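Notes follow the structure.
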Amino acid sequence: MSPADFAKIQQQENSYRKHEEHEPEDLRQAAEQLDHTCPEEMAEIGDKIANATPEEIASMRTRVDTQMTYELNTAQMLKNQMGELAADKHVKYIISIEKKKDSFESMVMEHLRMNGAYWGLTTLDLLGKLDAVDKEEVISWLMQCQHESGGFAGNIGHDPHILYTLSAVQVLALFDKLDVLDIDKVSNYISGLQNEDGSFSGDIWGEVDTRFSYIAICCLSILHRLDKMDVDKAVNYIISCKNLDGGFGCTPGGESHAGQIFCCVAALAITGALHHVDKDLLGWWLCERQVKSGGLNGRPEKLPDVCYSWWVLSSLIMIDRVHWISKEKLVKYILDCQDLENGGISDRPDDAVDIFHTYFGVAGLSLLEYPGLKAIDPSYALPDDVVNRIFFGK
Ligand code: 3PZ
Ligand code: ZN
């Protein structure tokens with residue numbers, strides 16, 4: 001073997017070693033590339049083999065073996081890092097909740113069943129299994145939850161609240177059934193909750209919170225009725241809840257909290273007012289929420305919780321700072337919170353699962369571009385295809 005040949009082989013080996021140091025994102029792209037080997041390339045390789053000497057074939061075999069080993073290692077590494085989403089188990093878990101109506105969980109959930117319906121049905125849609133439920137049955141129950149004021153309650157016979165009204169609108173959007181609504185009635189209910197200072201109350205009892213500002217803006221935007229509120233005043237109120245750390249609270253002077261930050265950032269995103277956010281300052285606060293286990297907390301010194309995957313991650317995406325956290329570690333944390341036996345996702349590994357954390361876990365994985373899931377919109381919290389249908393007519 002000549003020194004030049006030896007140098008060549010060594011160089012080749014080094015380049016294979018470098019692959020081992022690649023980031024998971026590079027590995028994912030490399031794996032994707034393998035899917036795209038085209039027929040022309042294959043024909044060319046075939047010609048080469050047909051005209052090759054035995055020595056050349058031996059050398060090709062070594063090269064192919066090395067390449068194969070690299071590909072298999074890549075696949076194995078991806079699998080180790082990603083774990084596996086127990087998608088079918090989660091579908092079964094969601095469908096089973098509907099059926100055991102007199103369980104303890106159902107008793108707790110009874111007054112917020114409209115939210116539960118949104119969490120469960122959105123998760124099914126992200127998993128590509130919305131067909132597993134009886135659409136007409138859901139819509140018939142949902143419409144019985146509407147009050148004469150135009151607002152929706154958490155269940156039949158309960159009082160209406162802006163929280164349940166957004167869930168009802170979102171569920172109808174999922175099913176492409178917004179046409180069953182009296183749009184003016186619902187939007188009058190929402191705009192009637194706006195106060196003189198631009199803030200929103202949650203219902204007739206008057207509690208004020210930036211969560212309700214988000215809900216009002218999201219809901220009226222989906223219904224194409226943002227003109228029914230004073231958007232400038234609504235935006236100014238949200239800005240008045242901004243803190244020195246770049247985050248937002250529930251009222252002016254309220255402490256920053258990831259859930260509240262999501263509401264304010266998403267409301268500003270929908271109204272085209274994100275220039276009011278200091279992206280670097282807020283991005284810094286948000287990425288500091290990632291702890292050693294890879295999970296995210298909602299405030300300094302708090303434990304991580306799967307639902308913060310959504311509040312923090314969606315906010316980071318909206319302000320273009322998602323690359324400031326480790327996506328791989330967060331994927332692993334969420335997958336570690338699955339009940340692999342009975343389905344469902346919990347707030348922390350080994351805790352009891354519920355529909356709320358199952359939704360936020362799957363939605364978080366969708367934001368992280370986990371394979372096999374529909375993409376979700378970070379501001380509307382609805383699948384991208386549903387949002388596109390609403391605003392671009394499919
Ligand atoms: C949970 N609600 O007030 S709640 C919620 N929390 O209605 C639903 N992460 O006891 C479920 N914590 C589980 N299924 C928890 C919704 C809360 C959030 C509590 C929670 C989540 C940590 C402590 C507030 C949208 C709507 C409502 C919220 C947040 C976002 C509870 C406790 C509280 C509530 C319901 C059940 C299990 C489920
Ligand atoms: Zn939680």
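Here, each number is a calculation from the coordinates, and none is a lab measurement. These figures come from a predicted structure and were not determined experimentally. Every residue, glycine among them, receives a Cβ derived from its backbone with ideal geometry; neighbour counts consider all protein chains shown.
Here are the numbers for this structure:
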| quantity | calculated |
| --- | --- |
| Globularity index of the chain, i.e. its alpha-carbon radius of gyration over 2.2 N^0.38 Å | 1.19 |
| Dipole of the range 83-392 [Lys/Arg +1, Asp/Glu -1 at C-beta], most positive-end residue of G361, I97, Y214 | G361 |
| Protection proxy ranking of 288-301, 228-241, 52-65 - average other beta-carbon atoms within 10 Å, highest first | 228-241, 288-301, 52-65 |
| Length gained when the stretch K292-K135 is fully extended (0.36 nm per residue, less Cα-Cα span) | 52.3 nm |
| GNM flexibility winner over the chain from S167, S140, S379 (Cα, springs under 10 Å) | S140 |
| Nearest-ten-degree value, helix 210-222 long axis tilted from longest Cα axis of the chain | 80 |
| Separation between Cα centres of the range 112-169 and the range 297-335, rounded to whole Å | 27 |
| Order of H275, H90 under a 10 Å beta carbon neighbour criterion, fewest first | H275, H90 |
| Fluctuation leader among M318, M114, M68 - the chain, Gaussian network, Cα springs under 10 angstrom | M68 |
| Label point distance in nm, D182-S106, each placed 7 Å from Cα along Cα→Cβ | 3.2 |
| P(r) tail fraction, the range 238-394 - alpha-carbon pairs more than 21 Å apart, % | 44 |
| Out-of-range pairs (alpha-carbon distance over 31 Å; input K233/K292; K99/K228; K100/K177) | K233/K292; K99/K228 |
| Extended-chain gain in nm, criterion 0.36 nm per residue less alpha-carbon gap, N342 and D245 | 30.8 nm |
| Highest average packing first - 337-343, 325-331, Cβ atoms within 10 Å | 325-331, 337-343 |
| Cβ crowding within 10 Å averaged over residues, with 258-270, 382-394, 153-165 ranked highest first | 258-270, 153-165, 382-394 |
